[in-house]
1. Work out, step by step, the length gained on full extension between VAL122 and GLN654: first 0.36 nm times the residue separation, then minus their alpha carbon distance; give nm to one decimal.
2. If I take every Cα pair under 8 Å that is 6 or more residues apart in the chain, average their sequence separation and divide by the length, what percent do I get for the relative contact order?
3. What ranking, highest mean first, results for peptides 581-588, 179-186 when packing means the other Cβ atoms within 10 Å averaged over each residue?
4. Give the accessible area for HIS563 in Å² (nearest 10); use a 1.4 Å probe, count only protein heavy atoms, and leave out ligands, DNA and RNA.
5. Would you mind pulling out the separation of the Cα centroids of segment 325-375 and segment 394-440, in Å?
6. Describe numerically, in nm with one decimal, the distance between label points set 7 Å from Cα along Cα→Cβ at ARG55 and at ASP665.
7. Note down the nm distance, to one decimal, between modelled labels 7 Å out along Cα→Cβ at PHE581 and at ALA197.
8. Say the dipole of the chain comes from +1 at the beta carbon of Lys and Arg and -1 at that of Asp and Glu; which of ALA687, GLN179, PRO132 then lies farthest toward its positive end?
Amino acid sequence: MPNGLPAEVTSFVGRRHELAEVKRLLSGSHVVTLTGVGGVGKSRLALRAAVDLRRAFPGGVWLVELAELSDPGLVEHAVADAIGLADYSRLPELDRLIERLAGRHALIVLDNCEHLLTSCAVLVDALVRSLPHLRVLVTSRQPLGIVSEQTVAVAPLPLPVADGSLSTAESLVECDAVQLFAERAAAVLPGFTVTEANQEAVAAICRRLDGLPLAIELAAVRLRALSAEQVLERLDDRFRLLTAGSRAAPPRQRTLRALIDWSYELCTPGERLLWQRASVFSGGLDLEAAEDVCSGDGIRTGEILDLVSGLVEKSVLVREEQPGSVRYRLLDTIRQYGRERLAASGRMADLQRRHRDHYCRLAARARAEIFSSSQVAWLADLQREHANLRTALEWSYGEPGEEGTGLAMAADLFYHWVTRAHVREGRVWLDQGLAAGAGPEETRVVALWAGAWLAMLQDDTESAAGMVEESRAIAQRLGLERALAYATTCSGAIAMRRGDQSAAIKLLREAADAHRVVGDPAGLALTLIRLCHAHSFMGDGALARSIGEESLVLCETHGDSWHRAYTLMALGVEAWREGDFARAVALEKDGLRFNRMINDIRGAGLNVEVLAWVAASEGRYERAARLLGALEVVWRSLGAQLPGFEHLARYHDQCRARCVEAMGDSAFRAATRRGFRLPYNDAILYALHEEDDQGKRRKQGAAERLAPLTRREAEIAELVARGLSNKDIASALVISQRTAEGHIEHILNKLGFNSRAQIAAWMSERTRED
């Protein structure tokens, strides 16, 4: 998903005028909203426009899909998640979005806003008022209604005229609606073409469907079993039934509804039931979930696979390939239709409960098996199911008497919240249940320590301390030894955060002993990591190494990788402190490779921190400064520096001071800017040294392609392409603004250009060649 946009898996047909209009409006307007009936192709048009405009927005282009989101309060979080803004900070989400996007020439596509109109309008208005370089492209069935908005009404595809003037098959296919039908039909029926024999039927189908892309695509699928003439005949039958429907509804909506009605009735009774029941899922489902949630009361478990296959064949379910498995998804219009049918059947609440129960069991299994060789697979599964997990939590907290189950589920998802940078959202779910007094005390005690840990990661130490003390009190009163051990671990971590290392060591030793007694290896590893850090910080290197080695053996015995990576980081800190730089580098790179693989940004940042300290200790100040610059981006994205390990901040400050003293302030700032400008993945590669040989070859090839520019001119041209002003370029390169302007003038003269936009386009073309 490069640059935040999904790959286009089918051809884009027509829309030349609308596409040109969208691009024109985005060049001068902050907000452009595509409006139109469901199924008309707003999302697809927005995606194509975004793909075409990527070069014009060097600050980033992101797609935010809102169709599966039902809580208006999570719109800001969805945008933050889409642009890669993790949520360790306690700052308001809006403030962090503005901080992250400041100065960027960026484009955000908000897709399917109609059910969250007010929240989207408020957010977009606030963003564009604060960010003059930001553009927002919206798809919605109605405008946002804000001052800065320009709207584009997306009409159905042009239709063939009905007077016979398009008399040949060749000329008929030039019509966009017919071309779409023909291309989608050929995808399901290889060899299909519009011929003299079927052209009248094809043209009539497109006209009957009012040129709605979704309707045309659904109709084309029927050519697997029917001829074009039979498809037309059945459409005619269905349209006549619409006369009993609402006359107030727009004709195109009645047509789309009729087509979906028809698709529904072509399904077998079992397929219809599965269609209804699958509509309770958000963001897709797998076969196991379908069998668990959708079977019973008319569908045997053994039938699910055949029914799923039937719905895939009918294009009701979309098949999506995943590593080692397959998932299925309902298009939003199809899903909404299924939900209406399910509601009419009176089974909605029952299916929503079964959906919740499935994901509640999934969360509990993941928590129980997280400290094992299946850990990485579990973390990936939970991330894929994030939308379903959220839907299950929403239902639990919205259904009287189910809040306790929701709180237990939120606590079971502790590692999902922590490893995938969903800290803010996890804390919201936990706080909501705790504030409502939900669940029995056995559930509350676990939720309290989990919430305390997340609060600590957000640097909300006082809230964390209050929750963990309540957790310890309940656990002691009820004799819940496992929960008490975790609460004590959290108390020790909070003591470290407060700078009381002696108290931290006492609490963490007590917690480690308790975890050993109850036989909880995950809790023990979590505790040993903190205890290793505490002894290292106090200067007791031998004990720190011993504790770290115990944690490594524990993790490797159980096949755990995540705790192991954090253990490696702790041992790396101690190795660096003792002057064993080669071992420190090996340990940190080992952990960094894993954290990079699972996209644990916090863990990766901690590894890069230690690598920067090592570089400075070895006298490689340029490298250390560049790593510190890259880290500035990482910590800003998380909203906190060294979250959860703030006691290490003094080492960061010492590293910075050492570099400044050795390099001089000006050279240090220039080096950190170079690191700051590195994209995240490039920064990780730089930290791992894995880019060296490849990077040299790439730079050599780039120099050849960027001729006749000098090295400095090429560097400035790159900053122009990124949208930086002359003032920003001067600041980034530590030169005067007049010097920057002179370089840009030379670039324009050498290339024969007369605008910065031409420089940006030229650079983008050569960057793509790399």
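1. So the extension gain works out to 187.2 nm.
2. On the way: 1139 pairs, mean separation 69.2, N = 770.
The normalised contact order for the chain reaches 9 percent.
3. On the way: 581-588: 19.2, 179-186: 22.0.
Final packing ranking: 179-186, 581-588.
4. Answer for HIS563: close to 0 Å² accessible.
5. Value for the Cα centre distance between the two parts: 17 Å.
6. 4.2
7. 7.9
8. Toward the positive end, the furthest listed residue is PRO132.
The values are calculated or read from the model by the stated rules, or taken from the named source; none is laboratory data. What you see is a predicted model, and the numbers here were worked out from it, not measured in a lab. As a convention, Cβ positions derive from the backbone with ideal geometry for all residues, glycine included, and neighbour counts pool all protein chains shown. With ligands, DNA and RNA removed, areas are computed over all heavy atoms of the protein, side chains included. Shrake-Rupley method; radii C 1.70, N 1.55, O 1.52, S 1.80 Å.
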